[in-house]
Amino acid sequence: LADNSDLRYSQLLSFDNGMVEFLRESGLLEEDSIVKVSVSNHDKIIAFRRSKYLFVFNFHPGNSYPGYSLPVKGRYKIVLDTDSGIYGGFDRIDHSIDYISFPEGERVTVASPFTLKLYLPSRTAVILEELPPRRITGNPS
């Protein structure tokens, strides 16, 4: 079926191969810990962390969410998403940028919670890798 270009099975096979490659490279199958980040039955969103990876699933059949807030801190890059054109998606998620969480609230303090905002198209999943913090370098004057 994957050889028939009239069907979408070739794209499903591409995604399956991409996911297997990601699992091999990341070593996630040896990682036991899974931490729930967010579950919304109303929005049909599930987000969890495993090692340095953040998994976000939008199961809603019709709602896409621009700027969906997740309570995580850090800087992330996308390593895999189901909306990618190579998997038959529409390439609506930007892979060229780092996604950075920001403190939330009117009056930001050291104790303010951080929020990561993502565009989550309907019926998609995305895996983000947490990046190390950037170091500020330079010669102080």
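The values are calculated or read from the model by the stated rules, or taken from the named source; none is laboratory data. From a predicted model like this one, the values you see are computed outputs, not experimental measurements. Positions of Cβ are generated from backbone atoms using ideal geometry, with glycine treated the same way; all protein chains shown enter the neighbour counts. Each accessible area value is taken on the protein alone, full model and side chains, heavy atoms only, with ligands, DNA and RNA left out. Shrake-Rupley method; radii C 1.70, N 1.55, O 1.52, S 1.80 Å.
For this structure, a couple of remarks:
- Test for Phe48: is it out of contact with any helix residue (DSSP H, G or I) (no Cβ under 8 Å at 6 or more places or on another chain), farther than 23 Å from Arg8 by Cα, in a strand (DSSP E or B) and not basic (Lys, Arg): yes
- Index of the failed condition, Phe15 passing every other in (1) modelled with pLDDT under 90; (2) in a strand (DSSP E or B); (3) not aliphatic (A, V, I, L, M): (2)
- Positions within segment 60-119 being farther than 22 Å from Ser26 by Cα, in contact with a Gly (Cβ under 8 Å, 6 or more places away or on another chain) and not in a strand (DSSP E or B), in sequence order: Asp91, Ser101, Ser112, Pro113
- Number of the condition not met by Phe114 [criteria: (1) touching a His at 6+ places or on another chain (Cβ under 9 Å); (2) modelled with pLDDT under 95]: (1)
- Checklist (1) farther than 30 Å from Ser10 by Cα; (2) over 13 Å from the mean Cα position of the chain (by Cα); (3) open to solvent by 70 Å² or more (accessible area, probe 1.4 Å); (4) touching a residue at least 40 places away in the same chain (Cβ under 8 Å) applied to Thr115, failing item: (3)
- With respect to the conditions (1) more than 22 Å from Leu131 (Cβ to Cβ); (2) surrounded by fewer than 16 Cβ atoms within 10 Å (Cβ to Cβ), His60 falls short on a single one, namely (2).
- Test: residue in segment 77-98 that is of a type in the set (Phe, Trp, Tyr), closer than 14 Å to Leu128 by Cα and surrounded by 13 or more Cβ atoms within 10 Å (Cβ to Cβ): no
- Residues (open to solvent by 70 Å² or more (accessible area, probe 1.4 Å) and among the hydrophobic types (A, V, I, L, M, F, W, C)) located in segment 1-52: Leu1, Leu12, Leu13, Leu29, Ile34, Val35, Val39
- A Cβ distance below 6 Å, combined with a sequence gap of six or more or placement on separate chains, defines the contacts here; from segment 25-46, residues that are over 12 Å from Tyr68 (Cα atoms) reach residues that are open to solvent by 30 Å² or more (accessible area, probe 1.4 Å) and part of a helix (DSSP H, G or I) in the pairs Leu29/Leu23.
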